[in-house]
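Laboratory data are not the source of any read-out in this text; all were calculated from the coordinates shown. Keep in mind that what you see is a predicted model, and the values were worked out from it rather than measured. Heads up, the Cβs are rebuilt from the backbone with ideal geometry, glycines too, and the neighbour counts pull from every protein chain shown.
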Amino acid sequence: MLEHTFSCSVPAAECRIVVGHDIHRIMVSAIEKSKTGLIVAGSGFLDSWENLFREIEKSLPNVKVARVNDGEGLKTFDSYIDLIKVMRTCRLDRGSSIAYFGGGTVGDLTGFCASTYMRGIGLLAFPTTLLAMVDSSIGGKNGIDLSDGKNAVGTFYNPNIVVADTVFLEKGMEHQKQGIAEIVKYGFIHDDSIIDSLQSFSDYKALTKSPLLPDIVFKCIGIKMEIVSKDPQEMSGGRELLNFGHTVGHAIERASGYVIPHGTAVMRGMQIESQIASEMLGTKDVVSDLAGDLAKQFNIELISIEDDMKQKLLDAIKYDKKVRSGKITVQVVEHPGSCRNVVVSVDKYLEALDKWLKEN
Ligand SMILES: NC(=O)c1ccc[n+]([C@@H]2O[C@H](COP(=O)([O-])OP(=O)(O)OC[C@H]3O[C@@H](n4cnc5c(N)ncnc54)[C@H](O)[C@@H]3O)[C@@H](O)[C@H]2O)c1
C-alpha cells in the first residue's frame, strides 16, 4: 500500500487530499468520521468494482447507497432534483455529509447537490477515473449541463476530503487512458518530469501496474491545487494555464457533437494551440512532436480535422465562454514544464486557426 497525503486551505474550506494504491480503508474511515448519510455511486464504477464496493458497504451498515447511471446524461436538472429528494429521504441535515464514488460526472452532480442542499453540507470525494483524480475532483468546480451549454449551472464548492485510490484505474482502460491527456498537460505547463515519467511506460496498462502511478497522480493534483489556490473562483485569471489544449480541445468536442472523447480532443488541442501560437506570436512549437509521440504510446487517436468540422470549430471558439471583450488568453509552452498566458484578440486567433485549418 502506498499513500501520499497533503492538506490545503482554500477559501472557506480545509481540504485533505490522499493519493495511494489500495487505500479504501481510508475512505471507510473518512465516511465513519463525517456523519455521512449517503453514498452516491456511479453505475460503471459499481459494475466494475462490485466486490470491493460490497466490502466497503458491509463495514458501513448505517449508510445508504444511491446508484446513479453515470456518463454525461447524468448532469441534468432531473438528476439534480432526484438526488436532492434522495438526500431529503435520507434525512441529511446541515451537519451531514454526502460521499461519491465515480468519475467526473458523478462528482459534478454530487458536488452541486452538496453545495446547494441546505446551503451546503459536507462532501467526500472518491474519484474513480483518472480524469476525476487528476482534474475534476480538485479545484471545487461542480455543475450540471443545460441543453445548450455544458456545465452551464454550478458552483465552486470544495470537498472536505479527496481520496484517490489508483487501484480503481485498472479497469475500464479504454476510457481511463483518456485522462492521460490531462497528465501530459500538467507536464507541459508546469513539470516536465511528469512527461519523462510517462515516457517510461509502454502503454496505459503498464502505467496502472507501476508503483509510480500514485506519485504521478499526486504531482498532478499538487499542480492543480497550486494553480487554483491563486484563483479559487476563477476571478483573477490565474487558472487560465489549466486551459492549455482545452480551447481547441473543447471546440473539437463540440464540433464533433461530443463524439470525440475529451482526452483525444485535448491531446490534439495541445498540438494545434502550440502551432497556432507559433504562427501568431513567432514562438517555437515544442509541443507537437512530444504530444504526438505520447499519444501513440498510450494509443490515443491523433484525429484529423475533417472539412465538415472546420467551420464548426471556428464558431465554437468565436462563442467560447472564455472570450472576454473580444480577447482570448492563449497558453504558450516555452519549453516542457514552463508555460505563460498571452492575451490576444479573438479575431487574430481565429485568423491563425483559419490559416491552420486551410493548410491541414
Ligand atoms: N468539475 C471540474 O473541475 C471538471 C473538470 C474536468 C472535467 N469535468 C467533468 O467530468 C466529466 C467527465 O468525467 P469522466 O471522464 O470521469 O467521465 P464519467 O464520469 O462519465 O466516467 C467515465 C466512464 O468510466 C466509468 N467508470 C468510472 N469509474 C470507473 C472505474 N473505476 N472502473 C471502470 N469504469 C469506471 C463510468 O461508468 C463511465 O462510463 C465531464 O462531465 C466533465 O465536464 C469536470
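In straight Cα distance, which lysines are under 27 Å from Lys348, not counting same-chain residues fewer than 8 positions off?
Lys348 reaches Lys150, Lys185, Lys284, Lys310, Lys312, Lys318, Lys321, Lys322, Lys327, Lys358.
Share of Cα-Cα pairs in segment 238-277 beyond 16 Å, in percent?
Tail of P(r) above 16 Å: 28 percent of Cα pairs.
Exposure proxy check: Ile39, Ile56 ranked by fewest other beta carbons within 10 Å?
The fewest-first ordering by Cβ neighbours comes to Ile56, Ile39.
Distance between the C-alpha centers of segment 109-146 and segment 251-301? Whole Å please.
27
Using +1 at the C-beta of Lys and Arg and -1 at the C-beta of Asp and Glu, which of Val163, Gly282, Met267 has the Cα lying farthest in the positive direction of the dipole of the chain?
Farthest along the dipole direction, towards plus: Val163.
What net charge do the residues around Leu294 carry, taking every other residue with its C-beta under 14 Å from that of Leu294, with Lys and Arg at +1 and Asp and Glu at -1? Spell out each step's value before the answer.
Working: positive: Lys177, Lys185, Arg268, Lys296; negative: Glu182, Asp192, Asp196, Asp203, Asp289, Asp293, Glu301.
Spelling it out: positives minus negatives among the neighbours equals -3.
Quick one: net charge of Thr208's neighbours, Cβ under 14 Å, K/R +1, D/E -1? Don't jump to the answer; show the numbers that get you there.
Numbers: positive: Lys171, Lys177, Lys205, Lys209; negative: Asp22, Asp165, Glu170, Glu174, Asp203, Asp215.
Once all neighbours under 14 Å are counted, the net charge is -2.
Rg (Å, one decimal) plus Dmax (Å, integer) for the alpha carbons of segment 178-360?
Considering segment 178-360 through its Cα atoms, Rg and Dmax are 15.9, 47 Å.
For segment 2-171, what does the relative contact order come out to in percent, with C-alpha contacts under 8 Å and a separation of six or more?
In percent, rounded to a whole number, it is 26.
Place a +1 charge on the Cβ of each Lys and Arg in segment 1-158 and a -1 charge on the Cβ of each Asp and Glu, then give the dipole magnitude about the Cα centre in debye, rounded to the nearest 20.
Result for segment 1-158 is approximately 640 debye, rounded to the nearest 20.
For segment 75-163, which trypsin sites (Lys or Arg not before Pro) are in a loop by DSSP, counting at most 16 other Cβ atoms within 10 Å?
Filter output for segment 75-163: Arg91, Arg94.
Using the count of nearby Cβ atoms within 10 Å as a rough guide to exposure, how do Leu302, Leu60 rank from fewest to most?
Ranking Leu302, Leu60 by Cβ neighbours within 10 Å, fewest first, gives Leu302, Leu60.
For segment 194-259, build the charge dipole from Cβ charges (+1 Lys, Arg; -1 Asp, Glu) around the Cα centre, then report which of Gln199, Ser229, Thr247 sits farthest towards its positive end.
Gln199
Dividing the alpha-carbon Rg of the chain by 2.2 N^0.38 Å yields what?
0.97
Taking K and R as +1 and D and E as -1, what net charge do the other residues with C-beta under 15 Å from the C-beta of Ile272 add up to?
Around Ile272, the surrounding residues sum to -4.
Determine, for Ile183, Ile144, the number of other Cβ atoms within 10 Å of each Cβ, and report the residues in order from fewest to most.
Ile144, Ile183
Once the principal axes of the Cα atoms of segment 2-171 are found, what is the range along each, listed largest first in whole angstroms?
42, 32, 31
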